[in-house]
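In what follows, a single structure is set out as structure tokens and then discussed.
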Amino acid sequence: MGLSTTISLEEWPGDDGLKVGCGLRPMATTSSKSRVVGGTDAQPGAWPWIVSIQDARGRGSGHICGGSLITPEWVLTAAHCFVKSRAPPAPRRDVSEWRVVAGVTQLSRHGPETQQRQVRRLVLHRDYSSVTESHDVALVQLDRPVRCGPRVQLACVPPAPAALPRLSHCYVSGWGSTDARAAGSADVLQEAKVQLIDPQLCNSSRWYAGAIHEHNLCAGYPQGGIDTCQGDSGGPLSCQDRTGPYFWLVGVTSWGKGCARARHPGVYTSTQHFYDWILAQMGLSTEATTPPPPQTASFSPPSQPPAEQASAEPCPFPRKKLQEFFSLLQELLQKLRGSEA
Ligand code: ARG
């Protein structure tokens, strides 16, 4: 084996000095078992970008939907979470009705990194339709940023132009129902491995028969058995990069016919498709009148945070630590190279 591999920070997603190291799972053990319906309990911190979006006045935890942190103060989720919640059935766009919990695995028992936030702003996609479930995407701005740590990290959103590349294993996670026939949410976060399913097959007559939009992804299993379910909506479909130790937030859980049925896998909103929309809503649009920022300047928090927010831990994995790690690795390689000669 040649040891000439050079390791560079350049390939890290969003490596513009703003968001180094998104999609990292510092607490995850190497393997995620495949047992959500048909899932298994997730380890604390296993999916550090997932949040629980809760009805502040609801019973129990009040959990309604999942979501994913894409910056310290923005959560990407599904629009339908705010439109036709199970109870009460009216549109619920009043921000005071909601609460967002990050850094949590068991909803009834908050951990050391659990952080609760209020909602400052709710942005539903203007073209969201509750009839066709198209454009099922929303952004939630938190009242103040979360602090990152081993159990709280940001997701990487794949930039629009690139084809869904370099993806290997995909996983769903959420506090949704673990039984297709019963309501109610899980107390402990569930996770399951799923497969991306060819959209054409997914849209074919014996499957979803044309109900899948071009901005949807299907994931699950042709034979069913493992799937997201009610209460998982808004949460992440996360896929591992083939080339690096990080995950991409590829989809947002949207809908399905029943749960875990054969030929009716979970339907997800493709995040890549809404990349530009996401940037624009967060005020990072490239088509503004100001000079366009470089292509890679993606999900940094707005550049002028209020003074008290500036003191919060920066969310991206500390660049210094990463650099230390890489230089150690380089050193090791050098040594190995030396001993090889
Ligand atoms: N719409 C559901 C929710 O509000 C999520 C459904 C996912 N269904 C599925 N079969 N994968 O939580």
Worksheet item: Across the range 46-51, in residue order, what do the Karplus-derived ³J(HN,Hα) couplings come to in whole Hz, using 6.51 cos²θ - 1.76 cosθ + 1.60 with θ = phi - 60° and x for Gly and Pro?
Response: 4, 10, x, 9, 6, 10
Discussion item. In whole Hz and in residue order, list the ³J(HN,Hα) couplings for the range 223-240 that follow from phi through the Karplus curve 6.51 cos²θ - 1.76 cosθ + 1.60, θ = phi - 60°; x for Gly and Pro.
Written reply: 8, x, x, 10, 6, 6, 8, 3, x, 8, 3, x, x, x, 9, 10, 10, 6
Worksheet item: Once phi is turned into θ = phi - 60°, what whole-Hz ³J(HN,Hα) does the Karplus curve with 6.51, -1.76 and 1.60 give for every residue of the range 96-109, x standing for Gly and Pro?
Response: 6, 7, 10, 8, 10, 10, 10, x, 10, 10, 9, 5, 7, 9
Worksheet entry | Surrounding net charge for Val252, when Lys and Arg each add one and Asp and Glu each subtract one, Cβ distance under 12 Å | -3
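Test of understanding: what is the full-extension gain from Lys257 to Asp41, defined as 0.36 nm times their sequence separation minus their Cα-Cα distance?
Values: separation 216, 0.36 × 216 = 77.76 nm, distance 2.39 nm.
Contour length minus the Cα-Cα distance gives 75.4 nm.
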Practice prompt. Under 13 Å from a label point 7 Å along Cα→Cβ of Ser168: give me every residue in the range 212-239 with its amide N that close.
Written response: 239
Worksheet item: What is the range 88-205 by shape, rounded, prolate or oblate, if you read a ≥ b ≥ c off the alpha carbon gyration tensor as root eigenvalues and call it rounded for a/c under 1.5, prolate for a/b larger than b/c, and oblate otherwise?
Response: rounded
Worksheet item: Looking at the square roots a ≥ b ≥ c of the eigenvalues of the Cα gyration tensor of the range 122-173, which shape do they give, rounded for a/c under 1.5, prolate if a/b is larger than b/c, or oblate?
Response: oblate
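Each value in this text was obtained by applying a stated rule to the coordinates, not by laboratory testing. Note that the structure is a prediction, hence the values are computed from the model and not measured. With ideal geometry, Cβ positions are generated from the backbone for all residues, glycine too; neighbour counts draw on all protein chains shown.
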